[in-house]
Amino acid sequence: MMNTKVIFLLLFFLQFFVNSAQNTFTYNDEKGSPRATLQDVAWISGTWRGEAMGGTCEEFWDTPSGDTMMFCFKFLENGKVVFYELGHIKEMDNTLILELKHFGADLKGWEKADEKQSFRLVKWDENHVYFDQFTFEKINNDEINLYVVFEKSGKEMKFNYKRLP
């Protein structure tokens with residue numbers, strides 16, 4: 001009887017740890033995307049900076065307009081640009097989609113001219129926006145986390161950003 005309780009408690013805490021460690025979700029075609037508007041995620045707007053991947057990440061998100069929130073991202077290593085991203089969160093069919101393209105420091109596109117990466121909305125609440133393998137988390141008005149699953153490695157990486165004035 002005692003062993004059963006110990007095993008149950010260990011499994012319970014292990015399950016809690018596994019669930020709490022997961023910050024990203026995968027889009028499910030059967031469930032689809034929830035209803036959402038850009039006003040639901042407008043808290044992402046701002047200029048942000050943080051350290052990740054051995055360098056400095058800078059990101060700017062504009063306020064909602066024209067059914068989008070445009071962003072630009074710059075990754076610097078040793079004070080030199082390594083790559084950029086340009087994209088938006090777009091309001092479409094009563095939900096949201098995150099779309100982006102990558103560019104080298106020389107502004108040569110990584111994706112073909114007519115291709116982009118798209119991340120469908122999985123779910124959201126007042127402090128989180130979960131796109132397919134890509135999550136925004138509001139810590140407070142001046143700090144956010146982004147969690148991204150990298151396609152090649154399948155590993156989730158955390159980007160912590162502080163708002164710039």
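Brief remarks on what is shown
- Per-residue ellipticity at 222 nm, computed for the chain from helices alone with -39500 (n - 2.57) per DSSP H run of at least four residues, works out to -4000 deg cm²/dmol.
- Remark: C-alpha extents of region 21-77 on the principal axes read 41, 32, 16 Å, sorted largest to smallest.
- Region 80-114: chymotrypsin sites (Phe, Trp or Tyr not before Pro) falling in loop per DSSP and having at most 16 other Cβ within 10 Å: TRP110
- For the chain, the longest piece that avoids every one of the GluC sites (Glu not before Pro) found in DSSP loops with at most 12 other C-beta atoms within 10 Å covers 31-110.
- Residue with peak Gaussian network fluctuation, the chain [Cα springs, cutoff 10 Å], from ARG49, ARG120, ARG35: ARG35
- Loop-located chymotrypsin sites (Phe, Trp or Tyr not before Pro) in region 126-165 (DSSP state other than H, G, I, E, B) with a sparse environment of at most 13 neighbouring Cβ atoms within 10 Å: PHE150.
- Anisotropy class of region 22-165 from Cα gyration tensor, a/c 1.5 cut: rounded
- Acute angle (nearest 10 degrees) that the helix 2-21 long axis makes with the longest principal axis of the chain, alpha-carbon atoms: 10
- Evaluating 6.51 cos²θ - 1.76 cosθ + 1.60 at θ = phi - 60° for every residue in region 104-115, the Karplus couplings come out as x, 4, 8, 6, 6, x, 7, 7, 4, 3, 9, 10 Hz, glycine and proline recorded as x.
- The label-point distance for PHE25 and ALA52, in a model that sets each label 7 Å from Cα toward Cβ, rounds to 2.0 nm.
Only the coordinates and a few stated rules stand behind these numbers; no lab work does. Everything quoted here is computed from the prediction, not taken from an experiment. Counting neighbours? That spans all protein chains shown, and the Cβs are built from the backbone with ideal geometry, glycine included.
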